[in-house]
Amino acid sequence: MHTRRIGDVEVSAIGLGGMPMSIEGRPDEARSLATLHAALDAGVTLIDTADAYHRDADEVGHNESLIAKALASHDRGADVLVATKGGHLRPGDGSWTLDGSPRYLKEACEASLRRLGVEAIALYQFHRPDPRVPYEDSVGAVRDLLDEGKIRLAGISNANPEQIRQAQDILGGRLVSVQNQFSPAFRSSEPELRLCDELGIAFLPWSPLGGISRAGELGSAYAPFARIAEEHGVSPQRVCLAWMLAKSPVVVPIPGASRPETIRDSVAAADLVLTADEIAVLDAV
């Protein structure tokens, strides 16, 4: 497995997004554990989760607990950087709400620590800006958690360039990652990707294949990805992830998966080398 860096930690060039294993339409636990173990067997050392990745109101942190169980039952579990997030909530009715208050973020971090069974969270990310709370207050809470040793690395998610610079300042230059939506269908995070490249901050594209319900349609929706995939004898999804990796050495895609074969295919993107002409064609889609 090729590697990239988040802060001072080396991680697999392709990570795994855990959300599909815990929200609506999720598989049974046995298949989820098999998917997580397949990722570890394939060399994945970055798994992304959040306390809000659950379905019902009484199971907050479902995905964190699932990942902790998978890591504890695999001989490579200790090698994985688990990145989790706080500040987004799911009341249990299918909706998403926000709470970026320092009080909530610190309580959420403590709960995540317990579910993950660790003394310090490897990477903790502020999940999404809360318009009711000054951004500096929310990121300030993450800074406090970093200073207290509750978390080892600090990141932000769903941030614009101004917020990235602001967070970097509040954290005293210790911002290591930005997790934003980025895919062939969603390219408005290009400025954030370029800024992360400039600052040497890891950029973690979420839903890089277009989301849970649309990942399988990537080839039919975007013909150049399908054509280049056919020429290489691989899936359009693999081409998509290889294209992202080629954009910058700071990019670490975190495709979601709920089946072992899906994450195995995603991991193989790290070995797919696209030509400059192919990259230019995909950039122009």
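Regarding segment 71-79, can at least one residue be identified that is surrounded by fewer than 24 Cβ atoms within 10 Å (Cβ to Cβ), touching a residue at least 24 places away in the same chain (Cβ under 8 Å) and within 26 Å of GLY210 (Cβ to Cβ)? Taking every residue of segment 71-79 in turn, none turns out to be surrounded by fewer than 24 Cβ atoms within 10 Å (Cβ to Cβ), touching a residue at least 24 places away in the same chain (Cβ under 8 Å) and within 26 Å of GLY210 (Cβ to Cβ).
Got a number for residues in segment 134-174 being open to solvent by less than 10 Å² (accessible area, probe 1.4 Å), over 21 Å from TRP206 (Cβ atoms) and among the hydrophobic types (A, V, I, L, M, F, W, C)? Qualifying residue count, segment 134-174: 2. For segment 151-211, the strands (runs of 3 or more DSSP E) that sit wholly inside it and include 1 or more residues that are charged (D, E, K, R) are 151-157. Quick one: would you say SER220 is crowded, with 21+ Cβ neighbours inside 10 Å, in a helix (DSSP H, G or I) and small (Gly, Ala, Ser)? Criteria not met by SER220. Of the residues ASP8, ASP58, ASP93, ASP48, which is within 27 Å of VAL251 (Cα to Cα) and surrounded by fewer than 16 Cβ atoms within 10 Å (Cβ to Cβ)? One residue alone meets the criteria, ASP8. Yes or no: LEU199 open to solvent by 20 Å² or more (accessible area, probe 1.4 Å), among the aliphatic types (A, V, I, L, M) and touching a residue at least 24 places away in the same chain (Cβ under 8 Å)? For LEU199, the condition - open to solvent by 20 Å² or more (accessible area, probe 1.4 Å), among the aliphatic types (A, V, I, L, M) and touching a residue at least 24 places away in the same chain (Cβ under 8 Å) - is met. Residues in segment 122-133 that are closer than 17 Å to GLY15 by Cβ and buried (at least 24 other Cβ atoms within 10 Å of the Cβ): 4 in all.
Of the residues making up segment 229-285, those that are of a type in the set (S, T, N, Q), within 17 Å of the chain's Cα centre (by Cα) and over 15 Å from LEU204 (Cβ atoms) number 3.
The values are calculated or read from the model by the stated rules, or taken from the named source; none is laboratory data. Computed from a prediction, not measured in an experiment: that's the story for all the values here. Don't worry about glycine lacking a Cβ; one is built from the backbone with ideal geometry, like all the others, and counts go over all protein chains shown. Heavy atoms of the whole protein, side chains included, go into the accessibility calculation; ligands, DNA and RNA do not. Shrake-Rupley method; radii C 1.70, N 1.55, O 1.52, S 1.80 Å.
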